[in-house]
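These notes concern the structure reproduced below.
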Amino acid sequence: MLNFNNRFLQSLPGDANLHNHSRQVQGAFWSRVDPTPVAAPRLIAHSPEVASVLGLSEAEVKSAEMVNALSGNATLPGMETYATAYGGHQFGNWAGQLGDGRAILLGEIIAPNNDRYELQLKGAGPTPYSRRADGRAVLRSSIREFLCSEAMHHLGIPTTRALSLVQTGDAVERDMFYDGNAAPEPGAIVCRVAPSFIRFGHFELPASRGETALLRQLVGFTMTHYFPHLLALPENERIAAWYGEVCERTAKLMAEWMRVGFVHGVMNTDNMSILGLTIDYGPYGWIDNFDPGWTPNTTDAGGKRYAYGRQPGVAQWNLGRLGDALSTLEIAADDLQTALAKFESTYAVEIKRVFANKFGFKAWSDQGGEIVDAAFALMGASEIDMTIFFRRLATANSVNDFKDAFYLDGEWVTEREKFAVWFGHYSSLIATESPTPNDQTERINRMNAANPKFVLRNYLAQQAIDAAHEGDTSKISELLNVMRHPYDEQPGRESFAEKRPDWARHKAGCSMLSCSS
Ligand code: AMP
Ligand code: MG
């Protein structure tokens, strides 16, 4: 039922060592490894859209044969299981070899429409890249990855996808607060799906070891299969052109994260996709009250390196590390610099487009820019829900329409007048730009397509997790169903669009997350 054709294995060198123990793997990009079987796998959620892309019927996804394959207990014909080698800069420091420590690829399939996808189990047991960790994943982080991959896709943002969420029936020990209190938690496995899981770190690792021929092979592989239009260029121009394209895709992704208030939380270079996809959903979070300095990741609470407002700058820094790796291929430094500069120029264009749509401007103007800056300054000075504020903006008639975007009644009282002045300026620009009723309808539609009503608020995901821990896994699919239509009004589902309730303000999982997963 799945047609496997595993190019990564066929085209790139693999590890001759077939034993599954932690080690440094040199001269190779992958190691064969079998998933470790689990006790009692149960499919608790799946994505109907991903199943359909892969050509799987509902009955096939739910079949015992498939659930066994999606939990690592059996292989399907054509599957070849392996883990890949990559390195990375973590929190700004070179960390050496990392690799798929708890992700095992099942191979690459050719879908019915001829697109290709890799399937990868996250949490399927140890691999040669697990270092001292167990290769497993807990239910709470797996629910979060499953839901957010799909929520991002439905928001129209490039991302890895999730086919399935399996509860394993095994317990996994985790010290969630890093306070010496490890406890057993239910284990789970997500089957992730993407055209490729290649990360910046896959290029950095061979570069760091002087394995230039190996690095060149991976660049060639990536370009041939994922950027084939660049093969028409003369050989000496290709790599810089390709790097420039990675910079452009990454810039577009950053503008999209900023648009919806997504904070990745761990933007290390090993968590950056070469295809410009959102990848590795760990302690990510969604902005409730607008705060550029907010990070969901408790490990990053001190430095706030990966805070919401810093994401574009960090992406650029990460691209610089990719450029350093490519510079070992004797590419002119100027060419790499010119390519890297595409990040800034692309981001500048994209973020203006994003803001023009969010605010409903016909095009970007200096006057519009001042109104945008003033809006963000006001929003940053009080606790105002970003998603509600923007969704209201399309049809607001008076400043009172923003009252429920405020988290604190006291702030509404003190800030209301400033907002009223701002809203006056905003409304007059909008009225000049879009004078006719037709213009207004077009503006409202454009704004509603840029400002989601529903995002995967941290507390919503946590409620689905709490219910699953009590044995009720139905909330996961219920939440997924809401997130499948984030820009629609969805009458009857208003409660999923409400701002973070007060009980969630300081609750673990709702306002902050540890990396323990
Ligand atoms: P992350 O920052 O969570 O994406 O992970 C960084 C590195 O740690 C990657 O190489 C992961 O494969 C590895 N890793 C994270 N958690 C585990 C685990 N439970 N077992 C093995 N490796 C892990
Ligand atoms: Mg990672």
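Within the range 280-302, the set of residues being away from ligand 2 (no atom under 15 Å from the Cβ) and either in contact (Cβ under 8 Å) with a residue 40 or more places away in the chain or open to solvent by less than 10 Å² (accessible area, probe 1.4 Å) (or both) comprises GLY285, TRP286, ILE287, ASP288, ASN289, PHE290, ASP291, PRO292, PRO296, THR298, ALA301. Restricting the range 226-271 to residues that are open to solvent by 10 Å² or more (accessible area, probe 1.4 Å) and part of a loop (DSSP other than H, G, I, E, B), the residue that is nearest to ligand 1 (Cβ to nearest atom) is VAL266. So which of SER57, SER63, SER47 is of a type in the set (Gly, Ala, Ser) and in contact with a Lys or Arg (Cβ under 9 Å, 6 or more places away or on another chain)? Sole residue among the options that is of a type in the set (Gly, Ala, Ser) and in contact with a Lys or Arg (Cβ under 9 Å, 6 or more places away or on another chain): SER47.
I'd like the full set of residues that are under 24 Å from the mean Cα position of the chain (by Cα) and open to solvent by 40 Å² or more (accessible area, probe 1.4 Å), limited to the range 187-212. Correct list: PRO195 only.
Only one of VAL61, VAL50, VAL67 is assigned to a helix (DSSP H, G or I) and touching a His at 6+ places or on another chain (Cβ under 6 Å). Can you tell me which? Step by step, each of VAL61, VAL50, VAL67 is checked, and only VAL61 is assigned to a helix (DSSP H, G or I) and touching a His at 6+ places or on another chain (Cβ under 6 Å).
Going through (1) more than 16 Å from ligand 1 (Cβ to nearest atom); (2) open to solvent by 10 Å² or more (accessible area, probe 1.4 Å); (3) not polar (S, T, N, Q) one by one, LEU277 falls short only on (1).
Look at GLY220 and say whether it is more than 16 Å from ligand 2 (Cβ to nearest atom), over 14 Å from ASN318 (Cβ atoms) and part of a loop (DSSP other than H, G, I, E, B). When the stated conditions are applied, GLY220 does not pass them. Kindly indicate the residue of the range 444-480 that is of a type in the set (Val, Ile, Thr) and either within 23 Å of ARG391 (Cβ to Cβ) or under 18 Å from the mean Cα position of the chain (by Cα) (or both) and also surrounded by the fewest Cβ atoms within 10 Å (Cβ to Cβ) among those meeting that condition. The extreme case among them is ILE444. Restricting the range 1-53 to residues that are farther than 18 Å from ARG192 by Cα and among the basic types (Lys, Arg), the residue that is least open to solvent (accessible area, probe 1.4 Å) is ARG23.
Report yes if some residue within the range 211-230 is touching a residue at least 60 places away in the same chain (Cβ under 8 Å), of a type outside the set (Ser, Thr, Tyr) and within 29 Å of ARG144 (Cα to Cα); otherwise report no. No; the residues of the range 211-230 include none that is touching a residue at least 60 places away in the same chain (Cβ under 8 Å), of a type outside the set (Ser, Thr, Tyr) and within 29 Å of ARG144 (Cα to Cα). Please specify each residue of the range 71-97 satisfying the condition of being closer than 22 Å to ARG161 by Cα and either within 13 Å of ligand 2 (Cβ to nearest atom) or of a type in the set (D, E, K, R) (or both). Listed by number, the residues that qualify are GLU80, ALA83, THR84, TYR86.
Kindly indicate whether GLY368 is of a type outside the set (Val, Ile, Thr), surrounded by fewer than 19 Cβ atoms within 10 Å (Cβ to Cβ), assigned to a helix (DSSP H, G or I) and modelled with pLDDT of 95 or more. Judged against the criteria, GLY368 is not a match.
Number of residues in the range 346-365 that are in contact (Cβ under 8 Å) with a residue 40 or more places away in the chain and not in a loop (DSSP other than H, G, I, E, B): the value is 9.
The values are calculated or read from the model by the stated rules, or taken from the named source; none is laboratory data. No experiment lies behind these values; they were computed from the predicted model shown. In this analysis, Cβ positions are derived from the backbone assuming ideal geometry, glycine residues included, and neighbour counts consider all displayed protein chains. We work out accessible area using only protein heavy atoms, side chains counted, and drop any ligands, DNA or RNA first. Shrake-Rupley method; radii C 1.70, N 1.55, O 1.52, S 1.80 Å.
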